[in-house]
Each structure stands twice: as C-alpha cells, then as structure tokens.
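These notes concern the structure reproduced below.
Readers should treat all values here as calculations from the given coordinates under stated rules, not as data from a laboratory. Note that the structure is a prediction, hence the values are computed from the model and not measured. Using ideal geometry, Cβ is built from the backbone for each residue, glycine included, and neighbour counts are taken over all protein chains shown.
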C-alpha cells in the first residue's frame, strides 16, 4: 500500500480532557494496523466552564486554546489529510461554540469537527474494538465522558446498537458534588439520576444482549486503576472493574466525606474533581444493565478517529458508505443522481479552483449532495428539497461531522427553489451551489439526451453560463428556466449572466 501515510494524528476535544495521539501505520497481511507512538493529554475540563444558559466562560476557553496551541506545535509538520480533530458533547451544546472554534482552529492549525453523539459512539466502538482481543460474540462498550456517556453493542468491528446519553463525569459532579462533599444520600441521588437516563435504553440493550462488557477511556480506566491498586475488586479479579469493587470504592469515598480528603493509591489529582460523578454513573450502569464485571481499555474515541482517518486515506471513507446506504433506503433514482453529480462536478472543474485540496473536497461534496438531493421525495413531492435537507441535517449519518452534514444539507436545500432562504446560512458554498443548481436545471427531463457544450466561468461579481444559441432555440423551457434562475441569483446580490453563442 504505497500511499499509506507513515503517521496519522487525532485530536479529541473532550468535555473533561483534550487528548492528542500520533499513530504509526503498519501494513499487515490481514490489513493495516496503527501503533501509538506519541500522546498528549490536557485536563481542560471544558464542561466545567459551561454556564446554566449553555455559554462557555472565558477561563475554560483560555485553558482550551492554550492546550490546543501546545498540540499545534506537535502537529506542525503534519499534512492536513493526516490529522483529524473532533469535539464532543460540550461543544455540541455550547451556544458560543462557533466563536470559540474560530480561535481554537487557529491555535491548533487544523479544522475541528463537532460530531454528533451517535457518530461519537461509532468512533468509540472502532477504537475499543481495535484495542482489545477479538471475540466471536457481541460486546458492550460503555464510555463515560465529561459531558455524555456512549453505549454501543457491536460484533467484531461493526457497531450494531448505538446511543449517547447526556450524563458525564464533569456534569454529574457539578450537579451533585459541587464542593466535593459526598454522603450516602447524595451519592444515591446521583446514581438514581443516572439510572433514569439509562432506563431509556436499557430494555433495547438487554434484548440485544452481549457476551463481554468493556469500559473505555478516561473514567473507566481511572476507576479500574483505583479498585485494582487498592484491592477493592472481588476475590480472584485482578484487572478491570467488579461490582463489589465499585461498592467498596463508594464506601471509601463516603467515609472520607469529601473527595479532596480521599487518600487512595493511584488517585491522580486531575481525577479528583470528577471522581464522584464518574463513580455514580458507573454504579448506575452496572445496576441498570445488570453488569457484574467490565474489562477496560484506553483505546476509544481518539483511536477510532485514527482508524476512520486511515480509511479515508485509503479511499474507504465511511461517509461514502453512508451516502450509498441512504440512496438505497430512500429509493433514490440512481441514474438521475449520477447524471446531475457528473454534470455539476464538470461545471465545478471549469470554475478553476486553484487550491487542489479544496477542488477535490468540493467535487466530493457535490457528488454527495447530488446523491441525496431527492431523498425527500420519500416524504412528499411538494417542497421535497426541504424534506431532503431536513433528513441530511438531522439523520444519524456515520462518518459525517455536524459540519459535514450542514454543508451537504445547505447544498441539498439550495439546489431548487428560492435562494433567499440561504442568504443567512453560514454553511452555504455559492460556487458549489451554482454548479448543482445549473446541473439540476439542465437535467430536468431525467434522460441522457445529449447536452451541448456548456461553458461556465466566474465573473467579477458572480457567474457566467454560455450555451449555443441554436440549442437554446430548440429548448424553450430551458431558456425560460435560465432566465428565472438568473433573476433568482440577482435577488441575493450575485450577478448571473446567461450568454448565447453561435458556436
């Protein structure tokens, strides 16, 4: 595999910690494997800076920016295609996340994707599945993060059931143990609150069943280290977390009365503020799902991001798989989608995008938008483009970040109808939309009837379309539609000129 990059890097902007890992790609007979060669961790506790009105305070933002600057130095020589940075629950809910991300991306030197809860779950499972020995049956992976907890049942490397719940060690610690005080009553209330959330999914998960339970990432590893090092686990269990081990840890915490007074082997200072919240959630997981023991792994989201990134570099992009699945699910007219996609990409090539990476990315997104632009027909022909955009914005789309989904949805929404609805949309990319709309207009007959040579170009204030006069004379509907299209673009302040030529 000559094009496999030697090094890949992933950045995980978690609600409790920011993490960076660098992995070396090694080609094996059974496929590529990634070996970690470097790692950085910063206990930013971003969720602790989230106010009741969902605004990140200045102090937490500064901590985050400073950490990302240090990560950025480590990644300075990396090609953009070999780095992927993802953000999770806190930046999903923070109202000022867009403003924060502008400075964050500048500090890191790479784009940052805010991913949805189920996409986070998919990546967590990929990381966990690649870091533990294979089994023939199904496994349950539970990842307690700072602001959310992901539950995944999968088999081999394939996730089967995925959910993300809004309970996390930082948010739970703030809600129930704000000053670090712990007593029997408060701990039980914290457990019950977590159980109420887990009850929403417990029946489905118990019905699906699993043969092995794994706790992944920070909270699970920290709890495992505590119960192992202090001899809290049940007799005969030397690794992982037993139900009895959690109960003994809880008793020690209640006896101390405050997490800051807890004296235990392997208790790391940065884990103290979130220990009680994480423990109460794990106790609820054990009780509600009927678990007696979980193994643990440190391989989770960040490792899953690396393997997903590896797939993209090998042209096995999960997003392409997702688009293909949506086309089948919604009965898309494949010939029409390919017809529009090829024509739109051809127009985009003519516009002369100088940046090669931006050109390739634009071509890919145009293809996805063309593939998905009619999925809303499964709901209604009337305003189908709005239904298509709603699905693209809100559906669970494995591999897609929220930014990716917003970009595709804006193109899908704008491919037909009035442009005014997009004038305030941040994600709209006018050159791509110009190409997609023109392609959809010219393919209205839904046939492979030959089109003449059509040339497009950018002008100083917009776009130009050049068509043979003779062909236009024989296609009055297209002529009329292009006149309307030009007027629509003028309404949003973008010049659109249709030129009829004699050649």
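Where does helix 384-394 land angle-wise versus the long Cα axis of the chain, in degrees 0 to 90, nearest 10?
20
Let me see the P(r) profile for the chain: every Cα-Cα distance counted, bins of 20 Å, each bin given as a percent of all pairs.
Result, from short to long distances: 21, 48, 24, 6, 0 percent.
Ranking 187, 327, 55, 397 by Cβ neighbours within 10 Å, fewest first, what do you get? Write down the numbers at each step before the final one.
Details: 187 20, 327 17, 55 14, 397 25.
Least crowded to most crowded, the residues run 55, 327, 187, 397.
If you average the sequence gap of Cα pairs under 8 Å that are 6 or more apart and divide by the length of region 162-301, what percent do you get for the contact order?
Values: 199 pairs, mean separation 59.2, N = 140.
About 42 percent, as a whole number.
I need the shape label for region 317-450. Rule: rounded when a/c is under 1.5, else prolate if a/b > b/c, else oblate, with a, b, c from the alpha carbon gyration tensor.
Details: a/c = 1.23, a/b = 1.08, b/c = 1.14.
Rounded is the answer for region 317-450, as its axis ratio a/c remains below 1.5.
Determine Rg/Rh for region 132-298; Rg is computed over alpha-carbon atoms and Rh is the Kirkwood hydrodynamic estimate from the same atoms.
Radius of gyration over Kirkwood radius for region 132-298 works out to 0.95.
Out of every Cα pair in region 71-217, what percent are spaced more than 22 Å from each other? All intermediate terms of the calculation are to be shown ahead of the outcome.
Working: 5619 of 10731 pairs.
Within region 71-217, distances greater than 22 Å cover 52 percent of Cα pairs.
Jot down the per residue volume, in cubic angstrom and as a whole number, of the convex hull over the alpha-carbon atoms of region 239-385.
Values: hull volume 33.7 nm³, N = 147.
Measuring per residue, one finds 230 Å³ for the Cα hull of region 239-385.
Would you mind classifying region 307-385 by shape? Square roots of the alpha carbon gyration tensor eigenvalues, ordered a ≥ b ≥ c; an a/c under 1.5 is rounded, otherwise it is prolate if a/b is larger than b/c and oblate if not. Spell out each step's value before the answer.
Numbers: a/c = 2.68, a/b = 1.30, b/c = 2.06.
Taking the square roots of the gyration eigenvalues as a ≥ b ≥ c, region 307-385 is oblate.
Could the peptides 432-438, 398-404 be put in order, highest first, of the mean number of other beta-carbon atoms found within 10 Å of their residues?
432-438, 398-404
Could you give the length gained on full extension between residue 460 and residue 24, defined as 0.36 nm per residue of separation minus the Cα-Cα distance, in nm?
Values: separation 436, 0.36 × 436 = 156.96 nm, distance 4.61 nm.
Answer, rounded to one decimal: 152.4 nm.
So, R0 is 25 Å and r is the distance between the beta-carbons of residue 354 and residue 317; what FRET efficiency does that work out to, to 0.05?
Values: r = 24 Å, r/R0 = 0.97.
Efficiency, rounded to the nearest 0.05: 0.55.
Is the C-alpha gyration tensor of region 1-146 telling us rounded, prolate or oblate? Criteria: a/c under 1.5 is rounded; beyond that, a/b larger than b/c is prolate, otherwise oblate.
It comes out oblate by the Cα gyration axes.
Treat the count of other C-beta atoms within 10 Å as a stand-in for reagent exposure and order 239, 130 from fewest to most. Present the calculation step by step, with values, prior to reporting the outcome.
Details: 239 12, 130 17.
Ordered by Cβ neighbours within 10 Å, fewest first: 239, 130.
For region 161-224, compute Rh as the Kirkwood radius over C-alpha pairs and then the Stokes-Einstein diffusion coefficient at 25 °C and 0.890 mPa s; write the answer in µm²/s, rounded to an integer.
Values: Rh = 13.7 Å.
Approximately 179 µm²/s, per Stokes-Einstein.
7 Å from Cα along Cα→Cβ at both residue 59 and residue 361: what's the point-to-point distance in nm?
About 3.5 nm, to one decimal.
Taking R0 as 30 Å, what FRET efficiency do you get between residue 430 and residue 70 from their Cβ-Cβ distance, rounded to the nearest 0.05? Mind showing how you got there, number by number?
Details: r = 37 Å, r/R0 = 1.22.
The formula returns an efficiency of 0.25 here.
Run the quick spin-label model on residue 134 and residue 477: label points 7 Å from Cα toward the beta carbon, then report their separation in nm to one decimal.
Distance between label points: 5.4 nm.
Would you mind ranking 65, 489 so that the residue whose beta carbon has the fewest other beta carbons within 10 Å leads the list? Each step should come with its number before you reach the end.
Working: 65 16, 489 19.
Exposure proxy ranking, most exposed first: 65, 489.
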